[in-house]
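> The structure that follows is given in the form of C-alpha cells.
The values are calculated or read from the model by the stated rules, or taken from the named source; none is laboratory data. Predicted model, so just to flag it, every value in this text is computed and none were measured. All Cβ positions, glycine included, derive from the backbone under ideal geometry; neighbour counts span all protein chains shown. These area figures cover heavy atoms from the full protein model, side chains too; ligands, DNA and RNA do not enter into them. Shrake-Rupley method; radii C 1.70, N 1.55, O 1.52, S 1.80 Å.
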Amino acid sequence: MIPIIFCLFRLISCLDYYICFCKAAAILAGLIFSFKLVDIAIVAVLITYFTDSPRNYNVGEAARLVNIQEGLSASMVIFMTCISDALFGRLNIIIYSTISCFLGLELLCITAFEKAANLFLKTFILIGVVLLALGKGGLQCFLGAFLAHQLRAHEPKLNESEDRVRARKFIWWIIPLSFSAIASVQLTGWKVIFIFTASATGITLFIVLLCIHFFHCTEITGTAAGSSLTVVFRVVKTALSKRHLNNPSSSNQLYRNDQNQVHLSPQVKFFRWLDKAAIIEPSTRISQEEQEKGGTLCTVAQVKDTKLMLKMVPMWTTFIVFGLVLSTGHTFFPEQGNQLQGSITYLIVIQYVSRGFSSILCNWLISKRVPKTKQKGAQIGRIWAGMVLSIICCAVAWRVEVHRLIIINNKGLLDKTDEVIPMSIFWLAPQFSIVGLMEGLAREGINKFLTDQFKPMHNYVPAITEFVIGFASFVSAVTVYFNKSLFANTLSRSRLDTYYKMLTIVSSINVCYFWWISRFCTCSDDTAEADETSQETGQDEDEDVEVINL
C-alpha cells in the first residue's frame, strides 16, 4: 500500500511540475498549432507548389523564390527583435505577424484556384510569399518567448523556478506541435491545404483578439529596453571619433573602470582601438555623465560587451555555408520527392522529430553529464558534429539523386512530369533526418555556446543566428542563379547531383574553417569577465527573446 501511495505522490508532483493550467497558455497553444501547421504543410514544401501545374515555375526560379521567402523571414527576426524592444511589445508583434500570415495565406489560396499562369497569378504569389515570410518571422521570434512570459507570471513569487517554466513551456509547445504534424499529414491537395490553414490561422487570431485581456503584458519597452544592440554601434562610433587619441596607458584614463584594467578584455589586438571609446578626455568642460548621455563617452562595461560580440562574428560566418546546405534542404529536397511514391509531409515530420530529439538529448547530456568547466568545449564539439553532418547530408543527397535519375532514365520518365516515379519517398528519409540532426546539433549549439559566452546581450544571439542563416538563403539564391546551367525547366532534366557534389566539397572546406575559427574564438577565457559585465549592465536573464525551432 505504501509503495502505491508513494508512486501516486510522485506522479502528482511530476504533473504539477510539468503542467500549468493557464488560460493565456491555452490560447497561445492554438496559435502555435496554426503556426506550425502552416510551417509543416506549406512553408516546408512551398517549392512543390511553385513547380506544380498551372504555375509551372522552372526549378531555378522556384528555388530562388523560396530562398527569398526564407531569407526575408529569417532577416525579419532581428529587425522585429529591435523594434519590439524599442517600440512595441511582444504581443503586438505576434498579432501583427499573425495578420500578415493570414493575409499571405488568403492570397496564396486565391492563386490555388487559378487555372492558367498569368501576371495576376504571379503577382499574387509574390505578395503572398512576402506576407507569409513577414508573419513567420515575427511568430518564430516571439511566440515561444511570450509563452514563457505567461507561464512565468503564474510562478509563485516565493518559489519561482526558471527550470519549471522551461519544462511547462516545452509541454505547451510540444502538444500543439504534435497535433499540427498529425493534421498536416492528413491534408492533401493545395486547395484543401490553403483553405484549412487559412481558416485555422483566422480562427486562432480571432480567439487571441477576443481573449486579449487574459494575457500578462508587463514587458519593458522604450529606450531602456531597446538600447542593448545599439550599444555596439555607439561604441564603434565613439571609438572612431577618438581615433586621434593614443591607446590608454593607465586605468585611470578609462570611464567606470572598476577592475582597473588598461587593456580591456577580450584582449584581441585587432579590437584594441575600441578601448578609446572609454577614454576620458580631460580637456573637455562637459561632465562625464553628460558626455555619456550625449554619446561621446562609453563605459568600460559597454566596450567589453562590444569587443566580445565582435570577437564572435567569425563564428557566425561559418554558418553561411551551413545555412546554404539548410536552404538546399528546404528547396531541392522536397522537390526531389514531388514525383515519388508517398507524401513528402512524412519526411518533414521525420525532420522535425530528428531535430527535436538531437537538440533535447544534447542539452541534457551537456548540462547533466559534462562538468561546467568542460561545457564550453562540449558545445564546440556539438557544433562541429553538426558541421560534419552537413558534409554527410550533401553526399547522401548526391548519391540518392544519382539513383533517382537512373530510375527516371530506365523507365523513360524524363519528360513525363505528371507520372509517378516508381521509387519510394522514404529513399529521401536519410537526408531529411540528417538535416534535422544538423539543426539540432549546430544551430541550437551555436545559440547555447554564444549565449553562455555573451550573456549581456544573450537575448539577441538567436536573432543574429537566424539573420546569418537567412543571409545564407540569399547566397543560395545567387548560387543557383550563377549555376543556372545545372538547372532546366524540370528537376528530371537538371543536374542536381552535380550541385550536391559541389556542396559536399564546399561543406568540407567549411568544416576546416570552423575548426580554425573555433580555436580563435575560445583561445582566451573570457567567460568569467562576461558574467561580471552582465552584472554591471544589469541585464535580466529571464526576459529573453528566443527563437523556437522545434
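> Which of the following residues is at pLDDT 85 or above and under 19 Å from ALA24 (Cα atoms): PHE233, PHE194, PHE206?
Step by step, each of PHE233, PHE194, PHE206 is checked, and only PHE206 is at pLDDT 85 or above and under 19 Å from ALA24 (Cα atoms).
> Under 30 Å from SER53 (Cβ atoms) and either of a type in the set (Phe, Trp, Tyr) or touching a Leu at 6+ places or on another chain (Cβ under 7 Å) (or both): which single residue out of PHE333, PHE357 fits that description?
Residue meeting the stated conditions: PHE333.
> Sticking with this one: From LEU324, LEU264, grab the single residue that is surrounded by 15 or more Cβ atoms within 10 Å (Cβ to Cβ) and within 22 Å of the chain's Cα centre (by Cα).
LEU324
> Cβ-Cβ under 7 Å, sequence separation 6+ or interchain: first residue in segment 106-124 and surrounded by 12 or more Cβ atoms within 10 Å (Cβ to Cβ), partner of a type in the set (Val, Ile, Thr). Which pairs?
Qualifying pairs under 7 Å: LEU107/ILE127; LEU108/ILE125; CYS109/ILE195; THR111/ILE125; LEU121/THR111; PHE124/ILE110; PHE124/THR111.
> Keeping to segment 52-81, report how many residues are touching a Phe, Trp or Tyr at 6+ places or on another chain (Cβ under 8 Å) and in contact (Cβ under 8 Å) with a residue 24 or more places away in the chain.
Residues that pass the stated criteria total 19.
> Continuing with the same structure: Against the condition out of contact with any Ser or Thr (no Cβ under 8 Å at 6 or more places or on another chain), farther than 17 Å from HIS216 by Cβ and aliphatic (A, V, I, L, M), how does ALA181 come out, does it pass?
Considered against the rule, which asks whether it is out of contact with any Ser or Thr (no Cβ under 8 Å at 6 or more places or on another chain), farther than 17 Å from HIS216 by Cβ and aliphatic (A, V, I, L, M), ALA181 comes out as yes.
> From (1) open to solvent by 40 Å² or more (accessible area, probe 1.4 Å); (2) farther than 18 Å from HIS458 by Cβ, pick out the condition that doesn't hold for LYS372.
Only one criterion is unmet by LYS372, namely (2).
> Among the candidates ASN56, ASN67, which residue alone is open to solvent by 30 Å² or more (accessible area, probe 1.4 Å) and over 22 Å from ILE350 (Cβ atoms)?
ASN56
> A further question follows. For segment 472-490, what are the residues that are over 23 Å from GLY337 (Cα atoms) and open to solvent by 70 Å² or more (accessible area, probe 1.4 Å)?
Selection gives PHE474, VAL478, PHE482.
> Continuing with the same structure: Scan segment 138-154 and tell me whether some residue there is part of a loop (DSSP other than H, G, I, E, B), closer than 24 Å to TRP173 by Cα and touching a residue at least 60 places away in the same chain (Cβ under 8 Å).
Yes, that holds for at least one residue.
> For the subset of segment 191-206 comprising residues that are exposed (fewer than 14 other Cβ atoms within 10 Å of the Cβ) and not aromatic (Phe, Trp, Tyr), which member is nearest to LYS36 (Cα to Cα)?
Here the residue is ILE203.
> Can you list residue pairs whose Cβ atoms sit under 8 Å apart, with the first residue in segment 1-30 being basic (Lys, Arg) and the second being at pLDDT 80 or above? Count only pairs 6 or more apart in sequence or on different chains.
Sorted first by the residue in segment 1-30, then by its partner, the pairs are LYS23/CYS211; LYS23/PHE214.
> Among ILE68, ILE99, which is the only one that is within 25 Å of ALA200 (Cβ to Cβ) and among the β-branched types (Val, Ile, Thr)?
ILE99
Okay, residues lined up against (1) part of a helix (DSSP H, G or I); (2) more than 19 Å from ILE193 (Cα to Cα); (3) not acidic (Asp, Glu):
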| site | (1), (2), (3) |
| --- | --- |
| PHE33 | yes, no, yes |
| VAL38 | yes, no, yes |
| SER53 | no, no, yes |
| ASN92 | yes, yes, yes |
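> Open to solvent by less than 20 Å² (accessible area, probe 1.4 Å) and modelled with pLDDT under 90: does that describe PRO282?
Against the criterion (open to solvent by less than 20 Å² (accessible area, probe 1.4 Å) and modelled with pLDDT under 90), PRO282 does not qualify.
> If you don't mind, there's one more thing I want to ask. Just to check your reading of the model, which residue among LEU414, LEU389 is of a type outside the set (Lys, Arg) and open to solvent by 40 Å² or more (accessible area, probe 1.4 Å)?
LEU414
> If you don't mind, another one. Might you check whether a residue that is closer than 26 Å to LEU310 by Cβ, of a type in the set (A, V, I, L, M) and touching an Asp or Glu at 6+ places or on another chain (Cβ under 7 Å) occurs anywhere in segment 436-445?
No: zero hits.
> Additional query: From the set of residues in segment 452-471 that are open to solvent by 60 Å² or more (accessible area, probe 1.4 Å) and either modelled with pLDDT of 80 or more or of a type in the set (Gly, Ala, Ser) (or both), which is nearest to the chain's Cα centre (by Cα)?
PHE467
> Among the candidates ILE505, ILE517, which residue alone is in contact with a Pro (Cβ under 6 Å, 6 or more places away or on another chain) and either modelled with pLDDT of 90 or more or over 22 Å from GLU401 (Cα atoms) (or both)?
That would be ILE517, the only listed residue that is in contact with a Pro (Cβ under 6 Å, 6 or more places away or on another chain) and either modelled with pLDDT of 90 or more or over 22 Å from GLU401 (Cα atoms) (or both).
> Here is a further query. State which residue pairs qualify: first residue within 19 Å of SER390 (Cβ to Cβ) and inside segment 346-374, second residue among the hydroxyl-bearing types (Ser, Thr, Tyr) and surrounded by 12 or more Cβ atoms within 10 Å (Cβ to Cβ) in any location, beta carbons under 6 Å apart, and separation of 6 or more residues or different chains.
ILE350/SER433; SER354/SER433
> Next question, about the same structure. Select, from ALA44, ALA25, the only residue that is over 30 Å from ASN489 (Cα atoms), at pLDDT 80 or above, assigned to a helix (DSSP H, G or I) and not charged (D, E, K, R).
Only one candidate passes the filter, namely ALA25.
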